[in-house]
Amino acid sequence: MTRSQVSPSTTADMRRDRVTEWIRPEVRALSAYHVPEVGDLIKLDAMENPYTWPSSLVDDWLETLRHVSLNRYPDPHAPCLKAALRERLGVPAGMDILLGNGSDELIQMIDMAVNGPGRVVLSPEPSFSMYRMIAAFTGMNFIGVPLNAGDFSLNMAAMREAIARHRPAVVFLSYPNNPTGNLFDERQVCELIEVCPGLVVVDEAYSSFAGRSLMDRLGEYDNLLVLRTLSKMGLAGLRLGILVGSPAWLNELDKIRLPYNINVLTQTSAEFALRHYDVLEAQAAQLRIDREHLLARMRALPGITVYPSQANFILFRVPAGKAQAIFAAIKADGVLIKSMHGANPLLADCLRVTVGAPEENAAFLTALTTALQNVLLEKNP
Ligand SMILES: *Cc1c(COP(=O)(O)O)cnc(C)c1O
């Protein structure tokens, strides 16, 4: 058959066959990370900070961008930005910083650096879904160890057993844990660091809402790295992740990094934001206060279980079988949250809401209250 005789449908079939032949099976088995359409909905699904900057600050920021040279590659080592981060995040002396295009990229770099035949990534579950996904697309084995069902604390016996059996190259601990919102017990985290043969990455994406960190303990453990991000503090659009640890580890990981992974706009904007860190900290403090209000109001509602949170989101469980209906009713009322139902057996009937600005939280509470009333009415007509 000449090219002109090949019908479009045959070309499509042949293309599909070739994709099947050449794209790795573990990649074909993945589903892409789903980001829903937002439109006019109030966005309480992705742990974003709802606040923008005062307009005078926006003007100053735009002014700094005037001096950026878009024709030049960014500085691959970003020394000014790292110096500012060192100060703001309280990086201990002797520890280094590695920057990623979001902390997702740093997780990927870690997995790529430790990958090899039979190598294992381990994390308690439910936890941040990217630990499992990135392990899959870097071709590593992933072991998820269930958390305790009642309070989502670490199941230490199961963790010890899995670590001894699988000897993971890297263990990820989300501290506080996404999507459950709790902080694991610090002594238990330290015990796991002690028994792990490989790396332990403590992911502190929500540290500004928890006030707890293992940053100060980096010097005590030779296998500990601390992961941070500016995303949940109010700069999700910049994509800046920060890995902190000893030069012995970070120098190796740095070889995996693509040389210009942090673009000039991000470097300049992040440096600017760090000069005004008090604004970000005040926003985080406000969100912590509003989280407590929202928790109290939600706990007063009949029919749901509300889990404690040290982060900027709240996990709650609705009456059995009603998660989809309640999620949809809240969305129909103009508020987008996240359904965790189906993500993990321990998250059956669970929904997760991000703490937003007070009027957004109020809209969510009204929508949730109505949705629950309708569901409970249905049950007892
Ligand atoms: C949101 C989140 C991240 C991702 O942060 P980025 O820096 O935006 O890539 C990492 N870890 C946890 C636990 C998160 O919830």
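The values are calculated or read from the model by the stated rules, or taken from the named source; none is laboratory data. No experiment lies behind these values; they were computed from the predicted model shown. Using ideal geometry, Cβ is built from the backbone for each residue, glycine included, and neighbour counts are taken over all protein chains shown.
Take Thr229 and tell me if it is under 22 Å from Thr52 (Cα atoms), within 11 Å of the ligand (Cβ to nearest atom), at pLDDT 95 or above and under 22 Å from the mean Cα position of the chain (by Cα). Here the answer is yes, as Thr229 does meet what is asked. Scanning the range 256-268 for residues that are in a helix (DSSP H, G or I), among the hydroxyl-bearing types (Ser, Thr, Tyr) and over 21 Å from the mean Cα position of the chain (by Cα) yields a single hit, Thr268.
Comparison of Val58, Val35 shows that the only residue that is β-branched (Val, Ile, Thr) and within 20 Å of Thr229 (Cα to Cα) is Val35. Cβ separations smaller than 9 Å between residues 6+ apart or across chains give the following pairs from the range 108-127 residues that are over 18 Å from Leu154 (Cβ atoms) to residues that are of a type in the set (Asp, Glu): Met109/Asp254; Ala113/Glu252; Arg119/Asp111. Reported count of residues in the range 24-36, each being out of contact with any strand residue (DSSP E or B) (no Cβ under 9 Å at 6 or more places or on another chain) and in a loop (DSSP other than H, G, I, E, B), is 8. The set of residues from the range 93-126 being over 30 Å from Ala164 (Cβ atoms) and either within 14 Å of the ligand (Cβ to nearest atom) or touching a helix residue (DSSP H, G or I) at 6+ places or on another chain (Cβ under 6 Å) (or both) comprises Asp96, Ile97, Leu99, Gly100, Asn101, Gly102, Glu105. Determine whether the range 200-218 contains at least one residue that is more than 12 Å from the ligand (Cβ to nearest atom), farther than 25 Å from Ile314 by Cβ and small (Gly, Ala, Ser). For the range 200-218, residues more than 12 Å from the ligand (Cβ to nearest atom), farther than 25 Å from Ile314 by Cβ and small (Gly, Ala, Ser): absent.
Looking at Leu192, Leu240, just one residue is of a type outside the set (Asp, Glu), in contact (Cβ under 8 Å) with a residue 24 or more places away in the chain and within 24 Å of Ala282 (Cβ to Cβ), and that residue is Leu240. The criterion of being within 16 Å of the ligand (Cβ to nearest atom) and more than 30 Å from Val335 (Cβ to Cβ) holds for Leu81.
Every condition in (1) exposed (fewer than 10 other Cβ atoms within 10 Å of the Cβ); (2) outside the structural domain of Phe128 (by TED's automatic domain parsing); (3) touching a residue at least 40 places away in the same chain (Cβ under 8 Å) is met by Glu37 except one, and the failing one is (3). On inspection, Arg165 fails the criterion of being within 16 Å of the ligand (Cβ to nearest atom), among the charged types (D, E, K, R) and either outside the structural domain of Phe316 (by TED's automatic domain parsing) or assigned to a loop (DSSP other than H, G, I, E, B) (or both). Filtered by the rule that a residue be more than 15 Å from Gly241 (Cα to Cα) and part of a loop (DSSP other than H, G, I, E, B), the range 198-217 gives Gly198, Gly211, Arg212, Ser213, Leu214.
Would you check which residues across the range 127-152 are within 11 Å of the ligand (Cβ to nearest atom) and touching a Gly at 6+ places or on another chain (Cβ under 9 Å) and list them? Of everything in the range 127-152, those that are within 11 Å of the ligand (Cβ to nearest atom) and touching a Gly at 6+ places or on another chain (Cβ under 9 Å) turn out to be Ser127, Tyr131. From the set of residues in the range 314-342 that are small (Gly, Ala, Ser) and touching a strand residue (DSSP E or B) at 6+ places or on another chain (Cβ under 8 Å), which is farthest from Asn361 (Cα to Cα)? Result: Ala323. Scanning the range 168-189 for residues being assigned to a loop (DSSP other than H, G, I, E, B) and either within 16 Å of the ligand (Cβ to nearest atom) or in contact (Cβ under 8 Å) with a residue 60 or more places away in the chain (or both) gives a total of 10. One residue alone among Asp60, Asp104, Asp96, Asp75 is surrounded by fewer than 21 Cβ atoms within 10 Å (Cβ to Cβ) and modelled with pLDDT under 95, and that residue is Asp75.
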